[in-house]
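Readers should treat all values here as calculations from the given coordinates under stated rules, not as data from a laboratory. Fair warning: this is a prediction, and the values are worked out from it, not measured in the lab. All Cβ positions, even for glycine, are placed from backbone atoms using ideal geometry, and neighbour counts span all protein chains on display.
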Amino acid sequence: MSHANLSAEAVRILETASAEKKAKLGRTVATQWRESPWHSVGHAIPPQRPARPDSPVLRPPRDVPRRKIGPGSEGRAALLHALAHIELNAVDLAWDIIARFTDQELPHTFYDDWVRIADEEAKHFLLLAARLEELGSYYGALPAHDGLWQASEATSGDLLARLAIVPMVLEARGLDVTPEMIRKLKAAEDEASAAILETIYEEEIGHVAVGRKWFEWLCERQRLQPVDTWQALVNRYFRGPLKPPFNNEGREMAGFPACYYEPLVSPA
Ligand SMILES: [Fe+2]
Ligand SMILES: [Fe+2]
């Protein structure tokens with residue numbers, strides 16, 4: 001990274017189509033950033049959509065096969081495939097937030113946090129992709145859906161909205177559903193897959209915490225009340241009410257209190 005800056009590197013990662021190369025390049029850049037913290041962030045223009053491999057084909061969510069865990073490895077492979085796809089999106093989302101908002105005069109620690117998240121997302125993707133191969137499958141073997149990137153495109157022009165939706169709605173939702181997946185994988189005696197999800201779960205608590213921290217930091221800078229602002233942004237940018245049950249304990253560990261999200265549950 002000696003001649004480049006962080007946002008240019010982020011764009012290079014976003015424009016890498018191969019999933020494995022994208023993840024590995026991200027990890028390399030993250031190491032360089034950690035070891036050489038004097039590099040500048042600079043300015044760059046991220047692509048509207050990140051480059052992606054030819055497979056998996058992207059389909060509307062309802063056309064993606066269900067991921068039920070049964071006696072064979074097929075259901076588990078479908079689950080891990082769906083999760084790998086989410087993690088690859090998360091890799092792109094982390095580099096996108098780094099490259100997209102460089103006009104906002106954000107502290108260096110903002111970039112430290114998101115580079116660490118990008119690195120962890122790449123690790124999550126690579127762990128899941130390797131596990132898929134152990135199960136006789138691979139990332140790209142099944143169709144996947146495009147909902148995650150669509151959610152982020154809506155917030156391309158607004159960092160506060162991006163933080164409100166991506167870490168504080170979507171990644172927080174991951175905290176709600178992951179413990180049950182771990183339980184099912186253990187019930188199917190797939191300890192290796194369960195261990196990967198446990199790693200992901202613990203690190204995702206940190207991602208929600210970072211999202212919440214910078215959301216509140218920006219609210220303070222703009223003299224906004226964080227809870228009201230978050231609820232207004234979720235109502236505007238997120239389609240549909242939030243889905244209980246929530247993992248209040250996991251969310252609490254991320255410093256994300258129920259007073260944010262409980263009022264947005266649809267009346268039964
Ligand atoms: Fe992740
Ligand atoms: Fe994450």
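For the range 242-267 versus the range 182-219, the inter-centroid distance based on Cα atoms is 15 Å.
Would you please state which residues of the range 223-250 a label at Ala258 would reach in this model, taking the label point 7 Å out along Cα→Cβ and a backbone N cut-off of under 17 Å? Zone members listed by number: 242-250. Sorted from longest to shortest, the spans of the Cα atoms of the chain along the three principal axes equal 53, 50, 31 Å.
Comparing Gly75, Gly206, Gly136 in a Gaussian network model of the chain (Cα springs below 10 Å), the most mobile by mean-square fluctuation is Gly136.
Scoring 10-17, 154-161 by mean Cβ neighbours within 10 Å over their residues and listing the highest first yields 10-17, 154-161.
The distance linking the range 20-66 with the range 144-163 is 14 Å (Cα centroid to Cα centroid, whole angstrom).
With a Förster radius of 25 Å applied to the beta-carbon distance between Asp158 and Ser40, the computed FRET efficiency rounds to 0.55.
Distance distribution P(r), the range 39-157, all Cα-Cα pairs, bin width 5 angstrom from 0: 2, 11, 19, 20, 17, 12, 9, 6, 3, 1, 0 percent.
Its Cα gyration tensor gives the range 99-227 an equivalent ellipsoid. The semi-axes, each the square root of 5 times an eigenvalue, are 31, 16, 14 Å from largest down. Total lysine pairs in the chain at Cα distances under 18 Å, for residues eight or more apart or on different chains: 5. Estimated from the Cβ-Cβ distance and a Förster radius of 25 angstrom, the FRET efficiency linking Tyr138 and Asn5 is about 0.15.
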